[in-house]
Amino acid sequence: MSFDNEFIKWFKDNFGNDVDFNCPMSKYTRFKAGGKAYAVVSVKYVKEAKKIIKFCLNNRIKYFVMGKGTNLLVKDTGFSGVVIRILDKSGRILIKEQNRQSVKIAVTSGTTMAAVCSFAIKNGFLGFNFALGIPGTMGGGIMMNAGSDSGSMGDVVESIDVLTPSGHYKTLNKGYLNFSYRKLELTNIGSGLPTSNKHIIASCMLSLMSSDKKTAREEAVAVINKRKASQPREFCSAGCFFKNPVNSKYFAGQLIELCGLKGMAVGGAAVSEKHGNFIVNKNSATANDIITLQKIIQKEVHARYEIFLEPEVIIVG
Ligand SMILES: Cc1cc2nc3c(=O)[nH]c(=O)nc-3n(C[C@H](O)[C@H](O)[C@H](O)COP(=O)(O)OP(=O)(O)OC[C@H]3O[C@@H](n4cnc5c(N)ncnc54)[C@H](O)[C@@H]3O)c2cc1C
């Protein structure tokens, strides 16, 4: 399939300057590497994405949804389709219910997790500070069950509103949401519906604890200080590259360090000296440099510990 002039006209007419054609994904991913997509369309809300999806399905064009691209790597061969980027920096955050103990807030999926953290701290709500310092949107965060050692999305998400592949909106409460380590699977979504990963998160309802501003702020400072000490920030990356293995006393980063791979480089990509589980883009790395390094790490760790490190980063293409 090629992206012909008729398609380009439709996107220009409907989305104007919010479309980038023949766009290198290094522009929109935190790794700052990767090949081109036919088009990247930036939208604030899922209702705008709905129109694009309908057009793509009618014209048999592949599409892919992303948030801030902080957990994505697009191969150098690119993505022969349309990337829908759902991102609303300030976002919509509304208090829906509140009592002395708890509060429920509704948030659109393009809102950044940082905006939700600030909102919670400003209002003295506890339960979301685990996300401090995790870049990305609520949609990406929920899909990845983003988290840290003090909690993850699955602990606070009460329900999500999704756009189904058939173009309908549906609210999925906890019974449909199977959160596991850095993963959300939608279960029991009914026969006849296509697979879960085609659902697009439009918004969510979070359940947090009512507290006071001072407590929320103090907790936040402690979380931020801990993060600063352990994570490399000087180079681009996608955070931890591999999931921590189950049934091992070691974290992925420790296994990589024990194999002597810290600092190892392939082209412009390198294993961070500060954190073994961070592959960083040190010097104009290609996606291929990063993937080659990934494979070397997997091979070395497997040869020594018989553990296969599964990537946490979503690799597209
Ligand atoms: C420096 C750094 C530190 C990090 N630290 C952490 C950490 O401590 N803990 C942690 O868990 N992660 C961490 N990450 C990884 C990343 O920030 C999270 O996974 C984040 O939740 C991804 O959000 P995003 O908006 O960037 O999603 P993207 O990277 O754009 O997408 C991730 C996945 O979500 C899907 N997706 C995105 N939006 C939607 C939507 N609206 N509906 C359906 N699917 C959607 C995409 O298709 C893709 O599969 C870190 C990354 C960096 C760069």
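See the values below:
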| item | result |
| --- | --- |
| Enumeration of residues in segment 273-312 that are part of a loop (DSSP other than H, G, I, E, B) and surrounded by fewer than 22 Cβ atoms within 10 Å (Cβ to Cβ) | Glu273, Lys274, His275, Lys282, Asn283, Ser284, Thr286, Glu306, Ile307, Phe308, Glu310, Glu312 |
| Output for segment 127-143, where each listed residue is at positive phi, over 8 Å from the mean Cα position of the chain (by Cα) and surrounded by 22 or more Cβ atoms within 10 Å (Cβ to Cβ) | none |
| Members of segment 255-272 found to be in contact with a Lys or Arg (Cβ under 8 Å, 6 or more places away or on another chain) and either surrounded by fewer than 19 Cβ atoms within 10 Å (Cβ to Cβ) or part of a loop (DSSP other than H, G, I, E, B) (or both), listed by number | Leu258, Cys259, Ala265, Gly268, Ser272 |
| Among (1) within 26 Å of Ile314 (Cβ to Cβ); (2) in the same structural domain as Thr292 (by TED's automatic domain parsing) - the single one Cys204 does not satisfy | (2) |
| Segment 45-76, residues that are of a type outside the set (Phe, Trp, Tyr) and closer than 30 Å to Pro232 by Cα | Val65, Met66, Gly67, Lys68, Gly69, Thr70, Asn71, Leu72, Leu73, Val74, Lys75, Asp76 |
| Of all residues in segment 103-117 being surrounded by 23 or more Cβ atoms within 10 Å (Cβ to Cβ) and among the polar types (S, T, N, Q), the one that is nearest to Ile160 (Cα to Cα) | Ser109 |
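Let's see how each residue does on (1) under 30 Å from Lys36 (Cα atoms); (2) modelled with pLDDT under 95:
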{"position": "Tyr250", "(1), (2)": "no, no"}
{"position": "Lys274", "(1), (2)": "no, yes"}
{"position": "Val280", "(1), (2)": "yes, no"}
{"position": "Ala303", "(1), (2)": "no, no"}
{"position": "Leu309", "(1), (2)": "yes, no"}
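The values are calculated or read from the model by the stated rules, or taken from the named source; none is laboratory data. Owing to the predicted nature of the structure, the values given are computational and were not obtained by experimental measurement. With ideal geometry, Cβ positions are generated from the backbone for all residues, glycine too; neighbour counts draw on all protein chains shown.
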